[in-house]
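Participant: Attaching a single structure in structure tokens format; questions to follow.
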Amino acid sequence: MGNKRRVLVVEDEQTIAESVAARLRAEGFEVDLAHDGPGGVAAAERGRPDLIVLDVMLPGYDGLEVCRRVQAARPVPVLMLTARDDETDLLVGLGVGADDYMTKPFSPRELVARVHALLRRVERAAQPEPDGSTIAVGDLEVDPVQRRVRRAGTEAHLTPIEFDLLAYLAARPRAVQPRERLLAEIWGWGEAAGTRTVDSHVKALRRKLGADLIRTVHGVGYALEVPE
Ligand code: CA
């Protein structure tokens with residue numbers, strides 16, 4: 001068994017699929033390709049990839065359905081390709097379960113950097129927590145060991161990346177965190193090009209936990225503040 005990491009690319013646009021696959025292979029990944037929804041699910045079952053690059057609009061059934069079916073069988077990190085920035089908001093809001101989003105058009109170089117960052121993040125998340133104590137800020141409780149969140153005693157169900165973002169902000173209450181820093185710390189991505197992903201996930205957290213929890217600092221980033 002080799003130790004090459006395997007990426008499944010599910011994309012019906014041939015030119016995009018080929019250029020992404022070529023770039024990933026050049027980086028030392030094993031790459032499988034699928035061109036429609038059912039083919040993507042079958043390839044994920046067969047190849048057991050370490051990560052999936054998944055287009056939203058696919059023949060058969062769409063990327064959301066592929067993500068649901070694949071994740072139901074086995075958790076695997078998903079980088080979703082979207083056609084527009086506002087589509088990212090929509091998908092994060094739906095709790096689709098992708099870990100990161102990229103809007104077309106993108107450069108293959110950027111995609112490869114995001115794939116590396118996502119794999120690093122998943123490996124880091126698998127490490128045991130150095131300090132497992134519950135974080136409490138006002139009526140918000142974040143338990144990093146059980147990865148559970150409550151506000152005013154009511155449990156909220158977060159995706160893994162929403163949890164990581166909230167835990168990072170809650171550990172630093174009232175401190176303004178620039179979008180670029182959140183992108184680097186949570187997504188492991190060192191360039192500012194993906195800050196829209198941060199905005200989308202903050203929106204999702206507000207929807208689940210209350211709009212008053214995370215303050216926007218215009219032009220800079222976010223701070224977690226529980227009102228007195
Ligand atoms: Ca497509």
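The values are calculated or read from the model by the stated rules, or taken from the named source; none is laboratory data. Just so you know, these numbers come straight off a predicted model, no measurement behind them. Please note: Cβ atoms are built from the backbone with ideal geometry, for glycine as well, and neighbour counts cover all protein chains shown. These area figures cover heavy atoms from the full protein model, side chains too; ligands, DNA and RNA do not enter into them. Shrake-Rupley method; radii C 1.70, N 1.55, O 1.52, S 1.80 Å.
Participant: Of all residues in segment 169-208 being out of contact with any Ser or Thr (no Cβ under 8 Å at 6 or more places or on another chain) and polar (S, T, N, Q), which is most open to solvent (accessible area, probe 1.4 Å)?
Facilitator: That would be 195.
Participant: In segment 21-38, what count of residues is obtained for those that are in a helix (DSSP H, G or I) and surrounded by 19 or more Cβ atoms within 10 Å (Cβ to Cβ)?
Facilitator: Residues that pass the stated criteria total 3.
Participant: Pull up segment 142-168, narrow it to residues that are among the aliphatic types (A, V, I, L, M) and under 15 Å from residue 200 (Cα atoms), then point me to the one that is most open to solvent (accessible area, probe 1.4 Å).
Facilitator: 158
Participant: Something else now. Looking only at segment 209-228, count how many residues are touching a Pro at 6+ places or on another chain (Cβ under 6 Å) and either surrounded by 21 or more Cβ atoms within 10 Å (Cβ to Cβ) or touching a residue at least 24 places away in the same chain (Cβ under 8 Å) (or both).
Facilitator: 3
Participant: State whether one or more residues within segment 164-179 are closer than 18 Å to residue 80 by Cβ and either in a helix (DSSP H, G or I) or over 15 Å from the mean Cα position of the chain (by Cα) (or both).
Facilitator: yes
Participant: Go through segment 103-116 residue by residue and tally those that are over 27 Å from residue 207 (Cα atoms) and either touching a Ser or Thr at 6+ places or on another chain (Cβ under 7 Å) or crowded, with 19+ Cβ neighbours inside 10 Å (or both).
Facilitator: 3
Participant: Among the listed residues 13, 18, 45, which satisfies the condition of being open to solvent by 50 Å² or more (accessible area, probe 1.4 Å) and touching a residue at least 40 places away in the same chain (Cβ under 8 Å)?
Facilitator: Criteria check complete, one pass: 13.
Participant: Considering only residues that are surrounded by fewer than 18 Cβ atoms within 10 Å (Cβ to Cβ) and at pLDDT 85 or above, which ones fall in segment 85-102?
Facilitator: none
Participant: Would you pick out the residues in segment 58-99 that are charged (D, E, K, R) and either away from the ligand (no atom under 14 Å from the Cβ) or assigned by TED's automatic domain parsing to the domain that holds residue 160 (or both)?
Facilitator: Residues satisfying the conditions are 68, 69, 74, 85, 86, 89, 99.
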